[in-house]
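What follows is calculated from the coordinates using simple rules that are stated; it is not laboratory data. What you are looking at is a predicted structure, and each value in this text was computed from that prediction instead of being measured. Here Cβ is always computed from backbone atoms with ideal geometry, including for glycine, and neighbour counts include all displayed protein chains.
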Amino acid sequence: MSLTKPGAALPAYPPPGQLRQSWLTFRLILKPAQVSETVVVVGLGEVGKPLFEIMKTRHQVFGVDIDLAAPLNGCDVMHVCFPFRDQRFVAQVVEYIGHYQPTLTIVNSTVPPGVTRRIAEESGASVVNSPIRGKHARMREEMLHYTKFIGALTPESGARALEHFESVGMRTTLLRSPEATEIAKLTETTYFGVMIAWAQEVERYCKALGADYDEVVSFYEEIKFFPPVKYFPGVIGGHCVMPNIAILLDKFPSDLLQAIIQSNMLKEKNVGQEGWREVARSAPASGNR
């Protein structure tokens, strides 16, 4: 942009119609640059690192990890991306909130129902839940592909989170509570586990009868109201499905969930290392964990 020299005549204003058009163009050009916030991402692992990369396209972003702190006493938004392992998670997040003083905290981690609410109550801060979806191998692309669901305790915090994610090009949907998004994430990954456990069971039937699993499954592949995926009956590995089932079981005792665990243990017992390759073969091409 050129500056007018001192003493030089100011350029004449364009006609009203042209001025309006130029102003609209000017706004469209400047709008992305104006949406700049100070953002802290706590946990730079398989979830936090790609989220950090996405956020820095529009915002000033600082990463925090085990051996890395951000030189800040305040920020606009703090993303929580480290794994939930036990109830100490709540105290850890509350401590980070106290240190970085965000105006909004977003829990991206997969957590038991009620954890986001507890964090908000114990910290007195504005906190929402927004679980990550996507495969770790292509997490950045899938974060931008899938709708970012947000569970908020207040309309204000929900609107704030929507605006924040939309500023980096994410599609968003607001649910009525953080418990809704918390249980949605847990049941989504568990549904995947249910399907694989059923495939494991069908394979056991086939082996007992000397039948071919692929032939048997082809019988119901044409049924339109069935999930349009043939799951490979291998071991359920990774660090999403089975840990999330454990989180659910701790909150909701369930014979069905226990059956998935028992089926997977039986499969582990009966296969060698080849069975651990099931994750890539079992998942739908567009699936997510």
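Summary of values
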quantity	calculated
Label-point separation, ARG88 to ARG176 (7 Å along Cα→Cβ), nm	3.7
Under Karplus coefficients 6.51, -1.76 and 1.60, residue-wise ³J(HN,Hα) of the range 193-207 in Hz, glycine/proline x	x, 4, 5, 5, 4, 5, 4, 4, 5, 4, 4, 5, 4, 4, 5
Between the range 144-205 and the range 40-78, the alpha-carbon center distance in angstrom	22
Residue pairs, from the table LYS185/LYS267; LYS49/LYS267; LYS148/LYS267; LYS56/LYS185; LYS224/LYS269, whose Cα atoms sit over 30 Å apart	LYS49/LYS267; LYS148/LYS267; LYS224/LYS269
q = 0.09, 0.12, 0.14 Å⁻¹: log10 I(q)/I(0) that the Debye formula gives for the range 150-274, counting C-alpha atoms only	-0.39, -0.63, -0.77
Cut-off under 5 Å, modelled amide H: who pairs with PHE232 long-range	SER282
For ASP76, ASP212, ASP67, order by how many other beta-carbon atoms lie within 10 Å, fewest first	ASP67, ASP212, ASP76
Potential extension, ASP255-ALA159 segment - 0.36 nm per residue separation minus Cα distance	30.7 nm
Residues ILE261, ILE132 arranged by fewest to most Cβ contacts within 10 Å	ILE261, ILE132
Cα-based shape type of the range 34-176, given that a ≥ b ≥ c are square roots of the gyration tensor eigenvalues and the cut on a/c is 1.5	rounded
